[in-house]
Amino acid sequence: MCGIIGYIGPRNATSIILNGLRRLEYRGYDSAGIAVLGARGIHVERAVGKLSNLELRMQNSESARPPLSILNSQFPIPNSPGFSIGIGHTRWATHGGVTENNAHPHLNEAGTIAVIQNGIIENFIELKHELQAEGARFRSETDTEVIPHLVDLYMRSGMSFTRAAFAAIGRLQGSNAVVLMCSQEPDKLIAARLGNAGGIVIGIGPGEKFVASDAPGIVEHTRTVIFLDDGEAAIVQADHLEVRRLNGAPVEKSPHVIAWDPVSAEKGEYRHFMQKEIFEQARAVTDTLRGRVNFETGEVTLENLELRVENGESSFLNSQFSILNFPKRIHTVACGTSKHAGLIGKFLIERIARVPVEVDYGSEYRYRDPLIEAGMVVLGITQSGETADTLAAMSTGRERGAGVWTIVNAIGSQAERMANGVIHMRAGPEIGVCSTKTFVTSIVDQYLLACALAQHAPQASDASGEAQPAASYALARELAHLPGLISQLLAPDPIYEELANRFHDRRHFLFLGRGMNYPIALEGALKLKEISYIHAEGYPAGEMKHGPIALIDETMPVVCVAVKDSVYDKMISQIEQVKARSGIVIAIATEGDDFIQRKADYVITVPPAPELLTPVLTAIPMQRLAYETAVRLGCDVDQPRNLAKSVTVE
Ligand code: G6P
C-alpha cells in the first residue's frame, strides 16, 4: 500500500513529509523517496528499504548540499520567507523491481517536475512509446515515469504547469492517485484521484496545506480536510485550495472535520469500516498484484507469491523457485466467506492450471477422513489466519503428508506459521467483522496461483497438454485492468439505496448464480444475513427447481447474477421461471445488456470483463446491497451481533 504525503506552507516540508510517511509505514512498502524544492531546484532523495535508509541518505547529502529550505531561493516563491514545498512516497513495487531508480518521486529529464503516484497506469506502454518517439529518455521501469515526461511535453508546447498536469492526468487510464510539483510554478502542488486505487485527502491549516493518501498521515497537523472524489484534481496552494473536475469544471467541496482519535482518522471519509473496506477494494487489489505480475509479458513470479521453500515431502519449489513437484491435487479448506472464495478458486485453478481442486469446510474436513497423500496440497484460506477449524484442517493435511499452503491476510498469524507455502492477501487491516476486501483479494491470489502453476508447470504437465501456460500469460495480463474495473463499481449509484428502501422489511431473500458466479450467490446471501439479519439463501440457479422455487411469490426478492458469460442463457431461463411465479428479480448484469433490462425488475450493472474475472466484480454489488440494507435497518454494521472477526474456537 503506497503512501503519499505532500506539504506546502511555512514549516519544514522535509520533516512533515518524513513524519507523515512514518505514520503510514504500517501499510507496508519496499522503498521510499522525497522531493523538496531547494535553492537549486527540486532536490530528490530515494532509498530502497526502510524510511531510516532514506533519512540516512538525506543526512549524508545535506552536508554536501545547500539546506532544503528554500530561503533565498532563486525561484519566485510567493510572500513568505521560510516557505517550503515537497512530496514524499513509500513505494510497493508494481512495475519494475525494488530499486532506487524505480522508487518515487520520478522526474522529467530537466528535473523540474516531480511526481508520486499510487495505482496502475493501464495504458503506460502506449504512453511510453509515444513519449520515447518524442525523445523522452526513461530512467526507471515504472509506469509512473510517463507522467513527468508527459507534463514536460505539454509544458514545452506552451501550457502552464497546471494545464499540462490536468492534460497529462486526463490521459491516464486505470485507477490512480497522483501528486505533482514543478519548480517553474513552485507555489502549488497538483493532486488528483482517478478511481479508487488510492485516495487523496487534503488537510487545511492556516496558511498551509497537506496532501496524503490516508488521513492518519496528516491528522496530527490538522483535522479539517477534504477528500477528492474520482475524477477530481486539486490545485493546492498554501493559502488557497481549488478543486476541479479533470475537464476544468470547478467543484464545491465541503470540508470534513475528522475526530482526533486514531479510529476516526483511519475511517476517514466513511461512516463505517465496512463501507471504507468496500470502497478501498481497487486499492487492495492493486496491492495484491504488486510485484507479482509482469503486465507486459503476463508472467507471474513465484518468488513474490512467497511460497516458501522447505525440505521434505511438502516442498514444491527449489531454491531457484522452479517447481519440483507439481501438486497432484489441492484440497482447499476454509470457513465462511473464505470458503466461498475457495469455491471460486476451484474454477480458476482447475480451468487455468488443470489441477483438480476439492473445497471443504474447515469444520468438516478433519472429521470425514479425507483421502490425503503425499504430493498433494491442503490450501487453507483465512483472512485472520487464526480460525480454529481451518487451522485444524490444515494440521490434518500436514499430519497425513500433504504440503500445506495458506492464502492469508494477517501477517505472522498461526496459519502462516504452520504452512510451508504462503500467499498474502495484502488487503491491509480489515476491521469490519464482515469480510469484504479479503474476499476479493483472496480470489485474486488464487487467480495468480492458478496462472503461476500453469506457467511454471514442469515439462511433464505441459506435454500432457493439461496446464494452459499460453492462455495463462494472457489471463495474467488482464489483471492490470482489474483495479480500474473495480473502481467503476464503486461509483456513487442510487440503486443501492433504492433497493434498501424498497426491500429492507422483507424477511427472506434468495440469491441465484451459476458457474463461477454460483459462489457469489452464496456470498451475497451470507453478506446480507450477517449484517442485516434478514434470512437469505444462496443457491446454484439450476437447483432452484428442486426446492427453493416453492418459496417464490410476489413478496420474494431474488438476486440473480446474470452477467454475459458462458452460462448467461441458462441464467435467463431461471429468471423467466422466477418471473413466472411473480418473484421480484434484482439482476446483476453486464453493462449494455438491454435484454435483461426488460426481464428484470431492477438491474445493477457491472462492466464487461473476461469471464474468469467476473466474480471479483459481481461480489461488489452484493456487498453494497447488504451494506445499504443494514444501514437502512440501523444495524451495527461493523460489529454484527453474535459474530467475531476471528473465530478461535471450534
Ligand atoms: C468469521 C468472520 C467471517 C469469516 C470467517 C472465516 O465468521 O466473521 O467474515 O469469513 O470467520 O474467517 P477467516 O479468518 O478464516 O477467513
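The values are calculated or read from the model by the stated rules, or taken from the named source; none is laboratory data. Since we're looking at a predicted model, the values are computed, not measured. In this analysis, Cβ positions are derived from the backbone assuming ideal geometry, glycine residues included, and neighbour counts consider all displayed protein chains. For accessibility, only protein heavy atoms count, side chains too; no ligands or nucleic acids. Shrake-Rupley method; radii C 1.70, N 1.55, O 1.52, S 1.80 Å.
General observations
- Selected residue (criterion: nearest to the ligand (Cβ to nearest atom)) from residues of the stretch 387-408 that are at pLDDT 90 or above and in a loop (DSSP other than H, G, I, E, B): Thr387
- Filtered residues of the stretch 220-257 (kept if part of a strand (DSSP E or B) and touching a helix residue (DSSP H, G or I) at 6+ places or on another chain (Cβ under 8 Å)): Val225, Ala233, Ile235, Arg244
- Inter-residue pairs, beta-carbon under 6 Å, first among the aromatic types (Phe, Trp, Tyr) and in the stretch 279-307, second at pLDDT 85 or above and not in a helix (DSSP H, G or I), 6+ apart: Phe279/Leu490
- Flag if Lys570 is farther than 19 Å from Tyr518 by Cα and either in contact (Cβ under 8 Å) with a residue 24 or more places away in the chain or more than 21 Å from the chain's Cα centre (by Cα) (or both): no
- When Ile381, Ile411, Ile423 are checked against the criterion of being crowded, with 24+ Cβ neighbours inside 10 Å, away from the ligand (no atom under 13 Å from the Cβ) and of a type in the set (Val, Ile, Thr), Ile423 stands alone in meeting it.
- Summed over the stretch 2-41, residues that are closer than 25 Å to Ile120 by Cα and either open to solvent by 10 Å² or more (accessible area, probe 1.4 Å) or without any contact (Cβ under 8 Å) to a residue 12 or more places away in the chain (or both) total 9.
- Considering residues of the stretch 621-637 that are within 18 Å of Glu523 (Cα to Cα) and within 16 Å of the ligand (Cβ to nearest atom) only, the residue nearest to the chain's Cα centre (by Cα): Gln623
Residues checked against (1) among the hydrophobic types (A, V, I, L, M, F, W, C); (2) more than 26 Å from Leu37 (Cα to Cα); (3) crowded, with 19+ Cβ neighbours inside 10 Å:
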| site | (1), (2), (3) |
| --- | --- |
| Gly88 | no, no, yes |
| Ala114 | yes, no, yes |
| Gly119 | no, no, yes |
| Leu127 | yes, yes, yes |
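- Restricting attention to the stretch 509-547, the residues that are aromatic (Phe, Trp, Tyr) and within 16 Å of the ligand (Cβ to nearest atom) total 1.
- For the stretch 638-650, the count of residues that are more than 16 Å from the ligand (Cβ to nearest atom) and either over 30 Å from Tyr365 (Cα atoms) or part of a loop (DSSP other than H, G, I, E, B) (or both) is zero.
- Scope the stretch 178-213; condition touching a residue at least 40 places away in the same chain (Cβ under 8 Å), over 22 Å from Glu269 (Cα atoms) and open to solvent by 10 Å² or more (accessible area, probe 1.4 Å); matching residues: Gln184, Asp187, Lys188, Gly207
- Here Ala587 meets the list (1) surrounded by fewer than 22 Cβ atoms within 10 Å (Cβ to Cβ); (2) within 18 Å of Phe509 (Cβ to Cβ); (3) under 27 Å from the mean Cα position of the chain (by Cα) almost entirely, failing just condition (1).
- When Ser175, Ser140 are checked against the criterion of being surrounded by fewer than 24 Cβ atoms within 10 Å (Cβ to Cβ), at pLDDT below 95 and in the same structural domain as Ala39 (by TED's automatic domain parsing), a single residue qualifies: Ser140.
- Test: Ala470 is at pLDDT below 85 and either on the phi < 0 side of the Ramachandran plot or among the small types (Gly, Ala, Ser) (or both): yes
- Residues (touching a strand residue (DSSP E or B) at 6+ places or on another chain (Cβ under 7 Å), touching a residue at least 60 places away in the same chain (Cβ under 8 Å) and not in a helix (DSSP H, G or I)) located in the stretch 513-562: Gly513, Arg514, Ile534, Val559
- Every condition in (1) crowded, with 23+ Cβ neighbours inside 10 Å; (2) not assigned by TED's automatic domain parsing to the domain that holds Val578 holds for His481 except the one numbered (1).
- Selection within the stretch 338-378 - among the charged types (D, E, K, R), part of a strand (DSSP E or B) and open to solvent by less than 50 Å² (accessible area, probe 1.4 Å): Asp360
Rundown of residues vs (1) assigned to a strand (DSSP E or B); (2) at positive phi, yes/no style:
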| site | (1), (2) |
| --- | --- |
| His149 | no, no |
| Met155 | no, no |
| Ala164 | no, no |
| Gly174 | no, yes |
| Val178 | yes, no |
| Ala191 | yes, no |
| Gly199 | no, no |
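- All conditions but one from (1) crowded, with 22+ Cβ neighbours inside 10 Å; (2) part of a helix (DSSP H, G or I) apply to Leu613; the one that does not is (1).
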